[in-house]
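To start, the structure itself, in structure tokens.
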Amino acid sequence: MTSDDRIGPPSLGSERDTLRAFLDYHRATLAMKCEGLTDEELRQQSMPPSTLSLLGLVRHMAEVERAWFRRVFEDNHAPLVWSDKVDFQAAYDASASTRAEAFMAWDAEVENSRRIEREAESLDQTGFQPRWGETVSLRMVMVHVLLEYGRHNGHADFLREGVDGTTGA
């Protein structure tokens, strides 16, 4: 990793500004973990039997963004990016993927998620989570996605170490 341009969350701020900033911080963390690596290095898997790779994580997080923002607040039937069967595991298979393909999809879903969040009147806005069959608030969605990034960025630390021996930030 060559640089750390992440902007940390505010020490003092509204709930919404804090959630927004933490999400962007974790999104930037995932991008930073992939910085400077070739497509082949990004596809490098951890140890068997796991098929997890950094590129697979980027693809998975594109699905997470879509599933929790687009499918909940705009179109409950929007297809996933890499699966017609709503199979979230399909995104992990990055064997034929490239940085350009994965990051283009991820960036598009992140921008869509940001737009949905910005346009919402409050964190209390609700949408329907089709996978759970429940109504959920924007607050819950933002916290859930933040936790997903936190968990997967921990995996990204391990995967990056496996590629070039660096330690996590």
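The values are calculated or read from the model by the stated rules, or taken from the named source; none is laboratory data. As the structure is a prediction and not an experimental result, all values here were calculated from the model. Cβ sites come from the backbone with ideal geometry, for glycine too, and all protein chains shown count toward neighbours. Just the protein is used for accessible areas: all its heavy atoms, side chains included, with ligands, DNA and RNA removed. Shrake-Rupley method; radii C 1.70, N 1.55, O 1.52, S 1.80 Å.
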### Task
Report, largest value first, the span of the C-alpha coordinates of the chain along each principal axis, in whole Å.
44, 41, 25
### Task
Report the one residue of HIS60, TRP132, SER122 whose Cα lies farthest in the direction of the positive end of the charge dipole of the chain (charges on C-beta: Lys and Arg +1, Asp and Glu -1; origin at the Cα centre).
TRP132
## Note on the structure
Semi-axes in Å, largest first, for the range 76-162 (Cα gyration tensor, √(5λ)) are 25, 17, 14
### Task
With a 1.4 Å probe and every protein chain left in place, work out the accessible area per residue of the range 1-129 in Å², rounded to a whole number.
51 Å²
### Task
Do me a favour and compute the ellipsoid semi-axes for the range 1-65 from its Cα gyration tensor, root of five times each eigenvalue, largest one first, whole Å.
28, 14, 8
### Message
Given a 10 angstrom Cα cut-off, can you work out which residue in VAL86, VAL141, VAL64 is the most mobile in a GNM of the chain?
### Response
VAL86
### Query
Zone of SER14 (label point 7 Å along Cα→Cβ, backbone N under 14 Å): which residues in the range 97-136?
117-125
### Where labels lie 7 Å past Cα in the beta-carbon direction, separation of THR135 and ALA108 in nm
3.2 nm
### Query
Which length gain, in nm to one decimal place, applies between ALA78 and GLN125 when the Cα-Cα distance is subtracted from 0.36 nm times their residue separation?
15.0 nm
### Query
For the chain, what is the mean residue ellipticity at 222 nm derived from helices alone (per DSSP H run of n ≥ 4: -39500 (n - 2.57); sum divided by total residues; nearest 500 deg cm²/dmol)?
-17000 deg cm²/dmol
### About the Cα centre, charge dipole magnitude for the chain (Lys/Arg +1, Asp/Glu -1 at Cβ), debye
240 debye
### Message
Once neighbouring chains are kept in place and the probe is 1.4 Å, which whole percent of the accessible area of the chain is contributed by carbon and sulfur?
### Response
52 percent
